[in-house]
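Reading through the structure tokens given below for one structure.
Coordinate-derived values only; no laboratory data. Since the structure is predicted, the reported quantities are computational estimates derived from the model, not experimental observations. Here the Cβ positions follow ideal geometry from the backbone for every residue, glycine too, while neighbour counts run over all protein chains shown.
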Amino acid sequence: MLVKRSSSIGRAIFHLSFIVKYRHSIFRNGIVRERCAQLLQEVAVAKDMQIIEIGFAANHIHMIVDIGLKSIPEAVKLLKGYSAKVLLQEFPELKQQFFYGSGLWSPAYFFDSIGSDYLDVCNYVKNQEYS
């Protein structure tokens, strides 16, 4: 689906994946997993992006995201920054147990543009262990 904006038409849909710092398995906790998904959706809506699909493994997430007119680094910074800040505020035990004052997410991330294999990538994301 192409998106029309004031001076453009197109789509910027990416498969993004973020890893929890030190690969801690924080998403085995269903409450943390659900809250993280809510926070990612909140920031996406607020910043004119759309999360099409999200899937969780024990220590990382996969998403299909239409980043709109944002650059990839800008979109990643917005998604990671907001979700980490709020999760660590709302679940201080995570910070105490795992992160010792460091951030929630590893600084690394994966991205790939989605073209003709859109359905295959969506199915891959949807079928993560904790989807």
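Could you compute the net charge surrounding TYR118? Neighbours are other residues with a C-beta less than 14 Å from the C-beta of TYR118; K and R count +1, D and E count -1.
So the surrounding residues net to -3.
Hey, can you grab everything whose amide H is under 5 Å from the amide H of HIS60? Only 5+ residues off in sequence or another chain; H modelled, so Pro and N-termini drop out.
Close amide H contacts, sequence-distant or interchain: VAL20.
Using helices alone, what [θ] at 222 nm do you get for the chain, with -39,500 (n - 2.57) per DSSP H run of 4 or more residues, divided over all residues and rounded to the nearest 500?
One gets -11000 deg cm²/dmol as the mean residue ellipticity at 222 nm.
In nanometres, what is the gap between the two model label sites at TYR118 and ASN59, each 7 Å from Cα along Cα-to-Cβ?
Here the answer is 3.4 nm between the modelled labels.
Starting at the first residue of region 22-39, write each ³J(HN,Hα) from the Karplus equation 6.51 cos²θ - 1.76 cosθ + 1.60 with θ = phi - 60°, in whole Hz, x for Gly and Pro.
Whole-Hz 3J(HN,Hα) from phi for region 22-39: 6, 6, 5, 8, 6, 8, 5, 7, x, 5, 5, 4, 5, 5, 4, 4, 4, 5.
I'd like the FRET efficiency for ALA46 and GLN96, computed as 1/(1 + (r/R0)^6) with the beta carbon distance as r and R0 of 35 Å, rounded to 0.05.
Calculated transfer efficiency: 0.75.
Find out how many positive minus negative residues lie around GLN41, taking Lys and Arg as positive, Asp and Glu as negative, among other residues whose Cβ is under 12 Å from that of GLN41.
So the environment of GLN41 carries a net charge of -1.
Taking every pair of alpha-carbon atoms in the chain, what share in percent sits in each 10 Å bin, from 0 to the bin with the longest distance?
12, 45, 32, 9, 2
In this model, which of LYS21/LYS77; LYS4/LYS80; LYS47/LYS85; LYS21/LYS47; LYS4/LYS85 are farther than 21 Å apart at the alpha-carbon?
LYS4/LYS80; LYS21/LYS47; LYS4/LYS85
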